[in-house]
Structure formats: structure tokens, C-alpha cells
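FYI, it's all coordinate maths here, none of it is from the lab. Everything numeric in this text was worked out from a predicted model, so none of it was measured. For neighbour counting, all protein chains shown are included, and Cβ atoms are generated from backbone atoms with ideal geometry for every residue, glycine included.
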Amino acid sequence: MPDSQRTGSQFTVPNFVPFPQKVSRGVPVGPHAARLLAEIAMNPEDRGLVLQGRPFCRYVDDVHIFCTAREDAEFAIYEFAGILDQQQRLTLHKQNSELLEMEEFRAAAKAHLVDSPLNDEKRVS
């Protein structure tokens, strides 16, 4: 076997680098299969939000939960953090989490479409 050596009933791989001991607590990031892996990883969280009756939308690991009052939004963040922790042992990053008023959200979404449209047809002027 050119890529491995047989020793008894086990295989050893030359130049094998062991996995690092540091454990990541986030959604997989990177090209190709990352989006599919994120969709699979986030499915339990989607179901948790649906069961709680929270209106939301998600693209990969960007989650937007819609609430009618600021207090409800603050509570929703804590609920969602609990879902992430219970379901997958994932954590929210404070620097990537914020509460926006409806008009702020609309402006941010429009700015994102201007800066990073999905395609030329989605470009907003």
C-alpha cells in the first residue's frame, strides 16, 4: 500500500498530523461544502426557532429573528443562544450580534445588496 503501512489489524499513515486539541464551537467555514455543512449543522436551530414561534430568516450562519418590541428581541437573543448551546454546543459572538430597529435593518440589508449582490440581477442601485 503506497499511502499507508499495514501493521497487524491497524493502519498507520506516514506523516499523519494529529488533530489539534483546541475545539472549535462554530459553524464550519471555508469553500465548497461549507454552505452544505452549515445548512445541516443549523437545521436543529431552525427547528427550535420554529417551535418557539419566532419569525426568522437565515442564510448559512447569519440569522435574523424578527420581534415586535426591543424587550422581546433581547429575550429572543437569549433564547437563541440557549438553542445553539443545547442543540450543538455552539455560541453566539457578541461582536456579530446586534439589535436593529426595522428601518436600520432595512437600510443595512439594502446596503449589503448594493455592496455584495448575489448576482447582477439582484444588484440594487
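Tabulated data for the structure shown
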{"quantity": "Cα→Cβ-extended label distance, 7 Å offset, between GLN95 and GLN52, nm", "calculated": "2.5"}
{"quantity": "Shape of region 31-122, Cα gyration tensor, a/c cut at 1.5", "calculated": "oblate"}
{"quantity": "Packing rank of 87-98, 42-53, where each peptide gets the mean count of other beta carbons within 10 Å, highest leading", "calculated": "42-53, 87-98"}
